[in-house]
Amino acid sequence: MSEKEKTESGTPKGKEAFEAEFEALPLDEKFSRLFKMEAVTIGETINYVVNNSSKLVEKAVAAVNDLGRNAQADCSEKKEAAEEPAKKESKPKADKK
């Protein structure tokens, strides 16, 4: 269950209780709690970016590897195709001797 679903399925009483508790706090305690929540949010954001960045790098490496394999296969096919006429030409010459 996602955080959004948890929030949406939460009771209004829980939200009201949280709001009432927060409103009752002195101003410095409100700032303190808000800064703590912001720190958690920033930490989660950084983790999200790092995790997704590493996935992106992994996909890019896989794409480059696939590109390299395809290029190598194409080069091998072209080399073999270029060698085949040379082999055919050299065989009749060998047979004529």
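Any read-out appearing in this document is the output of simple, stated calculations on the displayed coordinates, not a laboratory observation. Predicted model, so just to flag it, every value in this text is computed and none were measured. As a convention, Cβ positions derive from the backbone with ideal geometry for all residues, glycine included, and neighbour counts pool all protein chains shown.
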*Tabulate in residue order the Karplus-calculated ³J(HN,Hα) for the range 53-61, using 6.51 cos²θ - 1.76 cosθ + 1.60 with θ = phi - 60°, rounded to whole Hz; enter x for Gly and Pro.*
5, 5, 5, 5, 5, 4, 5, 5, 5
*Whole-Hz couplings from phi, Karplus 6.51/-1.76/1.60, listed for the range 17-30; x for Gly and Pro*: 5, 5, 4, 5, 5, 5, 5, 6, 6, x, 4, 5, 5, 4
*Specify whether the C-alpha gyration tensor of the range 40-87 places it in the rounded, prolate or oblate class, a ≥ b ≥ c being the square roots of the eigenvalues: rounded for a/c under 1.5, otherwise prolate if a/b is larger than b/c and oblate if not.*
prolate
*Please work out the FRET efficiency for the pair Phe18 and Lys59, using the Cβ-Cβ distance as r and a Förster radius of 41 Å; give the result to the nearest 0.05.*
0.50
*Can you give the FRET efficiency for Ala73 and Asn51, using 1/(1 + (r/R0)^6), R0 = 22 Å, r = Cβ-Cβ distance, to the nearest 0.05?*
0.10
*Under Karplus coefficients 6.51, -1.76 and 1.60, residue-wise ³J(HN,Hα) of the range 36-50 in Hz, glycine/proline x*: 5, 5, 5, 4, 5, 4, 5, x, 5, 5, 4, 4, 4, 5, 5
